[in-house]
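Step one of this worksheet: look at the structure below.
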Amino acid sequence: MSLRLEMLQVARLAPGVLGDATPRVVEFVRSQLTAEGGGADRAGKPDLYYTAFLLDALVALSEELPAAQVRPYLQTFGDGEDLDLVHRACLVRCWAALGEGWPSDTFVASITEHLSMCRSADGSFGMEPGRARGTLYDAFLALGVYQDVGVPMPAPAVLGAAMAELRTPDGGFSNESELKWGMGPSTAAAVAVLSQLELPVPDDVAPWLMSQIHPKGGYKAIPDAPMPDLLSTATILHALGILGADIGGAKELCLDYLDTLWNGKSFYGHWAEEELDVEYTFYALLALGHLS
């Protein structure tokens, strides 16, 4: 099962926890579709990044997708030739979510050619061509794209070796080699990618992830973070689920934490947040799915 489908399978369980609140979440997600056919960013403008999260959230909620509105918006990007790696990945995710096939006969070839150009010298992936070292985030995106378009990723063991270089002394993984402390989302991404590549995950990674729990619930992005956040909580729960770890009392703590982020129609990204968006809505669904 691919990275994307693995997350969606879990997120589909969220309505069992949301219960009667599910229709309000659906209403919020649908409200984020702009007149142009894209998902709204924080400024209310259509953006491919948010469109991908909007579609995946509706899939997780077992809702019909607004294909007729979204399709023309996606078609404006062609084969993604003017997009960076993040937005090309989102374009692929959007077409994969619609499930109508690719927009052109050249789409997959164009996407994979760009991926090969973004392969960094260390065997990982970077946001743009020509990088000496890649990042965990870009590697996660690249693997997801290869899986969505149905093309095996070349030299997976080389990617695994590059990721091993991103291990930090504290037991986690950093996003980039220059960072010397573990990051929750990066470590979670490493677990997901290594698992997909059928490469071993070091035994001390699960304890490191579990140690990021905040006393009041939720998981922190870095050990010294003053508060937890929804992205870190969702991705760490997902990684611990992949590893089959028993989170024990952290389950109730995380449920309590998510309750503090609920505003009646969706979830804030953290305690200091004052705006809602569809990205964090999806992460809430992923977290709730793991806590169901």
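Taking first residues from segment 269-292 that are farther than 11 Å from residue 230 by Cβ and β-branched (Val, Ile, Thr) and partners that are modelled with pLDDT of 95 or more and in a helix (DSSP H, G or I), the Cβ contacts under 7 Å between residues at least 6 apart in sequence or on separate chains come to 278/29; 278/50; 278/53; 278/54; 278/57. Put simply, of 186, 116 the only residue that is out of contact with any helix residue (DSSP H, G or I) (no Cβ under 9 Å at 6 or more places or on another chain), closer than 18 Å to residue 89 by Cβ and at pLDDT 95 or above is 116.
Does residue 119 fit the bill of being crowded, with 17+ Cβ neighbours inside 10 Å and touching an Asp or Glu at 6+ places or on another chain (Cβ under 7 Å)? Considered against the rule, which asks whether it is crowded, with 17+ Cβ neighbours inside 10 Å and touching an Asp or Glu at 6+ places or on another chain (Cβ under 7 Å), residue 119 comes out as no. Of all residues in segment 142-162, those being in a helix (DSSP H, G or I) and either out of contact with any strand residue (DSSP E or B) (no Cβ under 7 Å at 6 or more places or on another chain) or over 20 Å from residue 235 (Cβ atoms) (or both) number 14. Considered as a group, the residues in segment 115-130 that are part of a loop (DSSP other than H, G, I, E, B) and in contact with a Cys (Cβ under 8 Å, 6 or more places away or on another chain) include one that is nearest to residue 168 (Cα to Cα), and that residue is 126. In segment 258-284, what residues are out of contact with any Phe, Trp or Tyr (no Cβ under 9 Å at 6 or more places or on another chain) and either of a type in the set (Lys, Arg) or in a helix (DSSP H, G or I) (or both)? Within segment 258-284, 259 is the sole residue that qualifies. The set of residues from segment 1-43 being out of contact with any His (no Cβ under 7 Å at 6 or more places or on another chain), part of a helix (DSSP H, G or I), closer than 10 Å to residue 285 by Cα and of a type in the set (A, V, I, L, M) comprises 8, 11, 17, 18, 25. Remark: pairs (first residue in segment 216-227, more than 14 Å from residue 238 (Cα to Cα) and touching a residue at least 12 places away in the same chain (Cβ under 8 Å); second residue of a type in the set (A, V, I, L, M, F, W, C) and not in a loop (DSSP other than H, G, I, E, B); Cβ separation under 6 Å; 6+ apart in sequence or on different chains) = 217/253; 217/254. For segment 71-103, filtered to residues that are of a type in the set (Gly, Ala, Ser) and closer than 23 Å to residue 5 by Cα, the residue that is nearest to the chain's Cα centre (by Cα) is 89.
For first residues located in segment 123-147 and polar (S, T, N, Q), partners that are assigned to a loop (DSSP other than H, G, I, E, B) and lie 6+ apart or on another chain with Cβ distances below 6 Å form the pairs 124/134; 135/175; 135/176; 147/2. Taking segment 207-228 as the range and being touching a Phe, Trp or Tyr at 6+ places or on another chain (Cβ under 7 Å), closer than 15 Å to residue 255 by Cβ and either small (Gly, Ala, Ser) or part of a loop (DSSP other than H, G, I, E, B) (or both) as the test, the residues that pass are 216, 217, 218, 228. Looking only at segment 65-74, decide whether some residue is exposed (fewer than 14 other Cβ atoms within 10 Å of the Cβ), on the phi < 0 side of the Ramachandran plot and not charged (D, E, K, R). Looking through segment 65-74, at least one residue is exposed (fewer than 14 other Cβ atoms within 10 Å of the Cβ), on the phi < 0 side of the Ramachandran plot and not charged (D, E, K, R). Cβ-Cβ distances below 8 Å connect the following pairs, each with a first residue in segment 234-247 that is outside any loop (DSSP other than H, G, I, E, B), a second residue that is among the aromatic types (Phe, Trp, Tyr), and a separation of six or more residues or different chains: 234/283; 235/283; 236/219; 237/219.
Please list, ordered by first then second residue, the pairs with beta carbon atoms under 8 Å, 6 or more apart or interchain, first in segment 13-27 and in contact (Cβ under 8 Å) with a residue 24 or more places away in the chain and crowded, with 18+ Cβ neighbours inside 10 Å, second of a type in the set (Asp, Glu) and not in a loop (DSSP other than H, G, I, E, B). If the second residue must be of a type in the set (Asp, Glu) and not in a loop (DSSP other than H, G, I, E, B), no pairs are left. When you scan segment 38-45, do you find a residue that is at pLDDT 95 or above, surrounded by 19 or more Cβ atoms within 10 Å (Cβ to Cβ) and closer than 29 Å to residue 154 by Cβ, even just one? No, segment 38-45 has no match at all.
The values are calculated or read from the model by the stated rules, or taken from the named source; none is laboratory data. Only a predicted model underlies this, so the values are computations on that prediction, with no experimental measurement involved. Here the Cβ is made from the backbone with ideal geometry for all residues, glycine too, and neighbour counts use every protein chain on show.
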